[in-house]
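One structure is given below, encoded as structure tokens.
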Amino acid sequence: MTERSGFRAQWRWLSWALMAIVVTAALIVGSVADDGIRTDAERLTALASTIRCPQCTGQSVAESNVTIAREIRGDIRNRIAAGETDDEIRQVYIDRYGRSIVLTPDSGGFTGLVWVVPVVAAVVSLAAVGLAFRRWRLEAEAIPEASDADRELVAALRRSRS
Amino acid sequence: MIASAASAVVLAVLVFLLATSDTEQSGSVNFEILGDVAPQIQGPTLAGGSYDLYEQRGDWVVVNFFASTCVGGRIEHPELVEFNERHRNGDRQIVGVMFGDTENAAREFFLELGGDWPAMIEDTGPIAIDYGVTALPETLLVAPSGRVVQKWVGPQGVTADGIDAVIDRFENPPGAAEDAADSVGAGESGESDEDAGD
Amino acid sequence: MNVALGDAGVVVAFVSSIVAAVTLLVAMRRGDAGLRRTGVRVAWLVLAGAILGFAALERALITRDFSVEYVMDHGSHRTPPLYNFAAAWSSLEGSILLWGLVLAGFLGAMLVKFRTRIMDPLVTWALVVMLGVNTFFFGLMLGPADPFRRVIVPPDFVDGPGPNALLQNHPLMAIHPPLLYLGYVGFTVPFAFAIAALVTGRVGEGWLVETRRWTLFAWGFLTAGIVAGAWWSYDVLGWGGYWGWDPVENVSLLPWLTGTAYLHSVMIQERRGMLRVWNLSLLCATFGLTILGTFITRSGVIQSVHAFSESGIGPLFLGFFGLVAAVSIGLIGWRGDRLRAPGRIDSPISREGSFLANNVIFAVFAFVVLLGTVFPLIVEAVQNDTISVGTPYFERMTMPIGMVMLFLMAVAPVLPWRKASGELLRTRLEWPAWFGAGSLVLAVVLGARGLTPLIAFALAGFAAGAALRQIVLATRRNGWRGLVGRTNGGMIVHLGVIIVAIAFAASNSYLRADERTLERGDEIVFEDMTVRYDGLEIENLDEKRVTSAIIVVDGEILRPGYSQFARGDLIATPATLGGFTRDTQVSLTVLPQEQDRVTIRITTQPLIAWLWIGGILMAVGTVFSAFPHRIHRRPTDPVSVAPGSVNGTHATAGPPPSSSSEEDHALSEVGS
């Protein structure tokens, strides 16, 4: 039995190792073969999704069909064709419409808190959980081993309940 | 206990925040452009001629973004007609920029409501974006120095008297600074309801 | 007539809820059984009043009684019957009435289900809380949200405007609010019991466990409501979008998140009597968030595409939210000592540990969504500046959280209670991990690229493998019964969630869109499809005029169009070419003015259909999950040490923990 389970245990380690190789290889192929070049249309969609429609609440210019949104999409398309970078195009719109035209909040200043606070919250809560586990472990270790008297008590309870 | 107190504080702050926020109207209007040099408006007009904003330096120019379909534009148009008449030979002029409309519709709009100032009809999208237009109609005032000094959203305040009053205030400010046209001063409130005329 | 009936219904409901609550409280204080029964009978009148009120509103709508202001504003002869019926909840006042009706319905269900136990103070307190919430909502209807205002019909009046056009062009829109309300309102019942347990101090019993099925019911409907909303958005909006991280969407997600966490965490309380504070907090939070959500939706405080009504009702909801929050926190703080469980979680690598981690993850998720939604208000208050927090923020923040959740979904089902060894994990997780690796390879082979979506696919496969493993083991052991019951039904729900997650990752990462102007007869190539414009089609219906363009995509005819309603609304209708692996949508960006040329928007996304399939699977899994156990547990059986008892003489119902001996278990109880 031991021999067989030893064999199985070994096989399992091999299986996991093989899996790790397969996964790594696939991820490498998948991320490297993506040469990252996006077509103009893709860039337009991606950029337009980050710019708020000035007229409509809660929609990006990629989504809204009001005149100004369509004009902005056309303008972005022209700027992409003219070779401007994403950041340059975004800056043009910030200059004209203010910071709120971009749907991604600033990462600096007070606004940057919206990025930082959740991360801090997550770290703090995980730390709290970790501390709780540590406290429990220490409590468990502080419990003395069961003595014979304890076992007698349990046995007596069992007898009385059956 | 700490957790209770902490969550109580957070929730109290949230409630306070929500209680003190205004419910504002949609689409925040922006006034980023005030104080900047007015972007160029150049191109063929409805009447068949051509127009160049930079050549109008030295005059006050009222830039009016409109579309034949928008109601506000119809409301303010007669006022612009009057303003145009008043200053036909003066240093205050109007240029219209058609936005999101067809040439025929714009032509009929002018035929119906009057007015003969130059109206831009081609490639007006980039012009609108350069001027930070959000919704129609929007009207801006360009000073003789070439800077934008006032912006009206919607037809309120866009009256012949109202525009004149604003220009007069810039030309003769209380305090007699010479370069009134360069100050952004009262431009922050988008709707000027000053007709404390004269 | 309708106004009189409606007002009567609302007044009856309002007054009865107050009277019943007071009666029950007095009866409890005096120990008077007869008075208790009277209180219950009066409570039934709340439901009667609610039904009367709702029926009156529907009658007014159906008979086009324009003397009722609500019908004057939202009714029309031209509206088709389904949408006319649904017009009852198309606007603020009617939707509050619907909320009240559902709430009264749940009250009635409580009265039926617990009729043999009304002498129990716990049940009485729960009823009182429920009646209190009823009072609030029916009180709203007597004041700012009155659907039964009378109006004089002008003599030349012809017809009303009908409901908003956006609410009339898809049947899902009719059903989306009722589904959502069944969800939101359903959470009131477990909340009432939570408060009752805190007030009476009886937090160690199985009452929260008993109401699990109610919570599951509510959760299921909330899920269905959210999915229906997403489906409607997708069909109607035209850019392939189904979730916009819009404030109103976000606030519907918040109670769903805390509710899901609760459904998991309550299993720990059932089994080991632990995490009571978490569970009570999650329940109270879920109910509180439904009220907060309603506040944000209706007050207009945060800009949203959904906000179609603004009124003075905002402050009242905010006040109610504040009350709920204060009461919940106060009670939990006060009872804190009783809530501490005698046991502890031995190891992080255990079922309990993973559920605790689950709670934390869901809490962080909810925090992120809430923070992002209200942050513009914070910035405005502090800096007097306007910023936007939109999709890019939410996607970037929730993506890692989603990955962690997928990982937990993969690992947690195989974890035993109390403690797991590395060997056990390696054994049990082997097949699920290979499933994940296989999914990853399959995705790469099919052409998926990009590190982020690939990791998501791998984790999704891993999680699906774990769920399937559980189902296969259970059906092997129990036959068809291996598909039902809490754990197995839950695994089916997990599969649904995983399918939705895959669809989300795929459709967001591989969305392709473009805008083109086509001449008639022109054929263009988009991605790998040929698209041709064949002309316009105009249809004149009773309530609208529809202009459609005939677009042929790869041989299939699509008719995206624009509908012009009599009341002036102009709504675009996209056309969708759906498929198992890919969806293509075509929509018009403007109302076409001429026959020969049209500008279209075309988008294509993979795996959109999987969103709906996953959603349906979640619903099916929920139903399976509610299947009764073979061993029927009596809810009054305590499942944990009763508070205050030291010697640990207690009975546990249900099978003993699987990976520790009974003796160890008993010894550890004695030792504490």
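The values are calculated or read from the model by the stated rules, or taken from the named source; none is laboratory data. Model, not experiment: these values are computed from the prediction. Glycine gets a Cβ as well: all are built from the backbone with ideal geometry, and neighbour counts include every protein chain shown.
Data table
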{"item": "Residues of the range C:593-610 that turn out to be within 14 Å of another protein chain (Cβ to nearest Cβ) and crowded, with 19+ Cβ neighbours inside 10 Å, as a count", "result": "7"}
{"item": "So C:Ala463, is it within 26 Å of C:Pro453 (Cβ to Cβ) and in a helix (DSSP H, G or I)", "result": "yes"}
{"item": "Candidates A:Arg90, A:Arg134, A:Arg73, filtered to the one that is free of Cβ contacts under 8 Å to residues at least 40 places away in the same chain and either more than 7 Å from chain C (Cβ to nearest Cβ) or surrounded by fewer than 20 Cβ atoms within 10 Å (Cβ to Cβ) (or both)", "result": "A:Arg134"}
{"item": "Residue identified as small (Gly, Ala, Ser) and closer than 27 Å to C:His176 by Cα among C:Ala4, C:Ala20, C:Ala43, C:Ala104", "result": "C:Ala104"}
{"item": "Flag for C:Val389 being touching a Phe, Trp or Tyr at 6+ places or on another chain (Cβ under 9 Å) and either at the interface with another protein chain (Cβ under 10 Å from one of its Cβ atoms) or more than 19 Å from C:Pro453 (Cβ to Cβ) (or both)", "result": "yes"}
{"item": "Residues (at pLDDT below 90 and surrounded by 21 or more Cβ atoms within 10 Å (Cβ to Cβ)) located in the range C:178-211", "result": "C:Val203, C:Gly204, C:Trp207, C:Leu208, C:Thr211"}
{"item": "Residues (of a type in the set (Phe, Trp, Tyr), touching a residue at least 60 places away in the same chain (Cβ under 8 Å) and closer than 15 Å to C:Thr200 by Cβ) located in the range C:107-140", "result": "C:Trp125"}
{"item": "Hits in the range C:243-269 - residues which are at pLDDT 90 or above and not in a helix (DSSP H, G or I)", "result": "C:Trp243, C:Trp245"}
{"item": "Within the range C:109-138, tally of residues that are within 22 Å of the chain's Cα centre (by Cα), surrounded by fewer than 17 Cβ atoms within 10 Å (Cβ to Cβ) and of a type outside the set (A, V, I, L, M)", "result": "0"}
{"item": "In the range C:295-353, the residues that are under 23 Å from C:Leu283 (Cβ atoms) and modelled with pLDDT under 75", "result": "C:Ala341, C:Pro342, C:Gly343"}
{"item": "The range C:392-437, subset more than 30 Å from the chain's Cα centre (by Cα) and within 8 Å of chain A (Cβ to nearest Cβ), residue farthest from C:Ser347 (Cα to Cα)", "result": "C:Ala437"}
{"item": "Selection count where residues are small (Gly, Ala, Ser) and at pLDDT below 80, scope the range B:1-46", "result": "6"}
{"item": "Output for the range C:364-385, where each listed residue is more than 7 Å from chain A (Cβ to nearest Cβ) and either within 18 Å of C:Phe287 (Cα to Cα) or part of a helix (DSSP H, G or I) (or both)", "result": "C:Phe365, C:Ala366, C:Val369, C:Leu370, C:Thr373, C:Val374, C:Pro376, C:Leu377, C:Ile378, C:Glu380, C:Ala381"}
{"item": "Boolean, A:Thr67 is in contact with a Pro (Cβ under 7 Å, 6 or more places away or on another chain), free of Cβ contacts under 8 Å to residues at least 60 places away in the same chain and within 10 Å of chain C (Cβ to nearest Cβ)", "result": "no"}
{"item": "Cβ pairs under 9 Å, 6+ apart, first in the range C:382-408 and assigned by TED's automatic domain parsing to the domain that holds C:Tyr242 and surrounded by 19 or more Cβ atoms within 10 Å (Cβ to Cβ), second in a helix (DSSP H, G or I) and acidic (Asp, Glu)", "result": "C:Ile387/C:Glu380"}
{"item": "Pairs, first free of Cβ contacts under 8 Å to residues at least 24 places away in the same chain in the range C:5-26, second in a helix (DSSP H, G or I), C-beta under 7 Å, six or more apart", "result": "C:Val19/C:Val42; C:Thr23/C:Leu35; C:Thr23/C:Thr38; C:Thr23/C:Gly39; C:Thr23/C:Val42; C:Val26/C:Leu35"}
{"item": "When residues of the range B:35-74 are limited to those that are touching a strand residue (DSSP E or B) at 6+ places or on another chain (Cβ under 8 Å) and in a helix (DSSP H, G or I), the one surrounded by the fewest Cβ atoms within 10 Å (Cβ to Cβ)", "result": "B:Tyr54"}
{"item": "Check on A:Glu139, crowded, with 16+ Cβ neighbours inside 10 Å, within 9 Å of another protein chain (Cβ to nearest Cβ), of a type in the set (Asp, Glu) and on the phi < 0 side of the Ramachandran plot", "result": "no"}
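Let's see how each residue does on (1) over 30 Å from C:Leu473 (Cβ atoms); (2) crowded, with 20+ Cβ neighbours inside 10 Å; (3) at pLDDT 90 or above:
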position	(1), (2), (3)
C:Ile502	no, yes, yes
C:Ser507	yes, yes, yes
C:Ile524	yes, no, no
C:Asp534	yes, no, no
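Quick grid of which residues meet (1) closer than 24 Å to B:Ile167 by Cα; (2) more than 17 Å from the chain's Cα centre (by Cα):
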site: B:Arg74; (1), (2): yes, no
site: B:Ile94; (1), (2): yes, no
site: B:Glu103; (1), (2): no, yes
site: B:Glu112; (1), (2): no, yes
site: B:Asp116; (1), (2): yes, yes
site: B:Ile127; (1), (2): yes, no
site: B:Asp130; (1), (2): yes, no
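One line per residue, one yes/no per condition, for (1) over 14 Å from C:Gly372 (Cα atoms); (2) surrounded by 14 or more Cβ atoms within 10 Å (Cβ to Cβ); (3) in contact with a Ser or Thr (Cβ under 9 Å, 6 or more places away or on another chain); (4) more than 8 Å from chain C (Cβ to nearest Cβ):
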residue: A:Gly83; (1), (2), (3), (4): yes, no, no, yes
residue: A:Gly98; (1), (2), (3), (4): yes, yes, yes, no
residue: A:Ser107; (1), (2), (3), (4): no, no, no, yes
residue: A:Gly112; (1), (2), (3), (4): no, no, no, yes
residue: A:Val117; (1), (2), (3), (4): no, yes, no, no
residue: A:Val120; (1), (2), (3), (4): yes, no, no, yes
residue: A:Ala127; (1), (2), (3), (4): yes, no, no, yes
